[in-house]
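Below you'll find the structure, written out as structure tokens, and then a few comments.
Only the coordinates and a few stated rules stand behind these numbers; no lab work does. What you see is a predicted model, and the numbers here were worked out from it, not measured in a lab. Methodologically, a virtual Cβ is constructed for each residue, glycine included, from the backbone with ideal geometry; neighbour enumeration extends over all protein chains shown.
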Amino acid sequence: MSAHITRFKPRPCPEPGDGVHRWVFHAACCAIEAGLPDDEAIMEIESMMTREPNDDEIEDALAAARGERRRSSPVWPKVNAEQIEAIAQHGPRLIDLWKSSPESTAITRFNRAEQIVDCLFPGNPLLCVGYSQKTFFTMRREKLTGALRLRDFALIVPSPMTAEKGRTKTGKISEHSLANTGQRRFLVTEFDKGTLDHQAALLHHLSRIAPSLALVVFSGSKSLHGWFYCENQAEDIQLRLMRYAVSLGADCATWIRSQFVRMPDGKRQGLNHTTGALESCGIPGVPPSKQVALYFNPRVTNQ
């Protein structure tokens, strides 16, 4: 083991959905400080990640850690803490957002994963779904039944796929790559800082700017995913919304079209899942592993 790697000691990587993209930047800063060459840093960071890296995610983080910017990556704004606080103070709580759902999201034993996915992805599209970042499938919707029920998956790419397999940036053939991800259908924003009430207020605020909020999903841990319908919308408009969301604390990782997000009413894998945050917001009765859909408005996809 080289002396450089001995000095490379980033904190442990969190579970997928709990800030892995931010951790990659932290690890990149540690690698630069330890003096690791890029090829060693990429290998070490990837080995510590709890999910597969997204395209040039590690390379982008290393460039950013050196104060550089890769041309392929958007420039993301700084977080505006004062605006976040103002929105959180005056916005609705999570229970208000939940009760305002156009389609009922009452907490029952019934699982809506199939119903929600079929409404948001009509027809029989190719979908990429995963139990984890390392165990996933791309197949027609009609085949995701029986032993491959949607409710049992933790992850889904929020856009249809164009082929069952594609080539990753490293040249590997995979069922989950940017190359086989189709046109963006939903832009997903993930907030994982602050209380769920604060996150709900931020999503409500975004929905007033972009009235295409179709879905809000609880991650099963501490964050909310907001799905905004954007098919056939110009990319500069999509990017404008994403940049504003990032300024409010959203994770920029979901800008990547192939990024996995939480399956609505899916099943979170691993040990880091709890409904305590939901219960503190007045929403009891959710099974600990369920990534419950708390807001559902399929009608925005018909506009």
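How large is Rg/Rh for the stretch 215-265, to two decimals, with Cα atoms and a Kirkwood Rh?
Values: Rg = 11.4 Å, Rh = 12.0 Å.
Radius of gyration relative to Kirkwood radius: 0.96.
For the cross-link pairs Lys78/Lys99; Lys172/Lys290; Lys222/Lys267; Lys99/Lys143, which exceed 26 Å when the distance is taken from alpha carbon to alpha carbon? Present the calculation step by step, with values, prior to reporting the outcome.
Details: Lys78/Lys99 32 Å; Lys172/Lys290 32 Å; Lys222/Lys267 15 Å; Lys99/Lys143 33 Å.
Where the Cα-Cα span goes over 26 Å, the pairs concerned are Lys78/Lys99; Lys172/Lys290; Lys99/Lys143.
Could you work out the percent of alpha carbon pairs in the chain separated by over 23 Å, rounded to a whole number? Display every interim value, and only then the final one.
On the way: 25458 of 45753 pairs.
Value for the chain: 56 percent of Cα pairs lie more than 23 Å apart.
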Over its alpha-carbon atoms, the stretch 145-186 yields an Rg and a Dmax in Å of 11.9, 34
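Please report Ile209, Ile84 as a ranked list, fewest other C-beta atoms within 10 angstrom at the top and most at the bottom.
Working: Ile209 12, Ile84 20.
Result, fewest neighbours first: Ile209, Ile84.
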With θ set to phi - 60°, apply the Karplus curve 6.51 cos²θ - 1.76 cosθ + 1.60 along the stretch 36-48 and write out the HN-Hα couplings as whole Hz, x wherever there is a Gly or Pro. 6, x, 4, 5, 5, 4, 4, 5, 5, 5, 4, 5, 8
Among Met139, Met49, Met161, what is the fewest-to-most ranking by other Cβ atoms within 10 Å? Met139, Met49, Met161
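Would you calculate a helix-derived [θ] at 222 nm for the chain, using -39,500 (n - 2.57) for each DSSP H run of n ≥ 4 and dividing by the full residue count, to the nearest 500? Mind dumping the intermediate values first?
Values: 10 runs with 96 residues, N = 303.
Taking each H run of at least 4 residues, the total per residue is -9000 deg cm²/dmol.
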Along the stretch 74-87, Karplus-curve 3J(HN,Hα) (6.51, -1.76, 1.60; θ = phi - 60°) to the nearest Hz, with x for Gly and Pro, reads x, 8, 8, x, 6, 6, 9, 4, 5, 5, 4, 5, 5, 5
P(r) tail for the stretch 3-65, what percent of Cα pairs lie past 17 Å? 27
Spelling out what I want: for every residue of the stretch 114-130, take phi, set θ = phi - 60°, compute 6.51 cos²θ - 1.76 cosθ + 1.60 (Karplus), and round to whole Hz; glycine and proline get x. 5, 4, 5, 4, 5, 6, 7, 10, x, x, 9, x, 6, 10, 9, 10, x
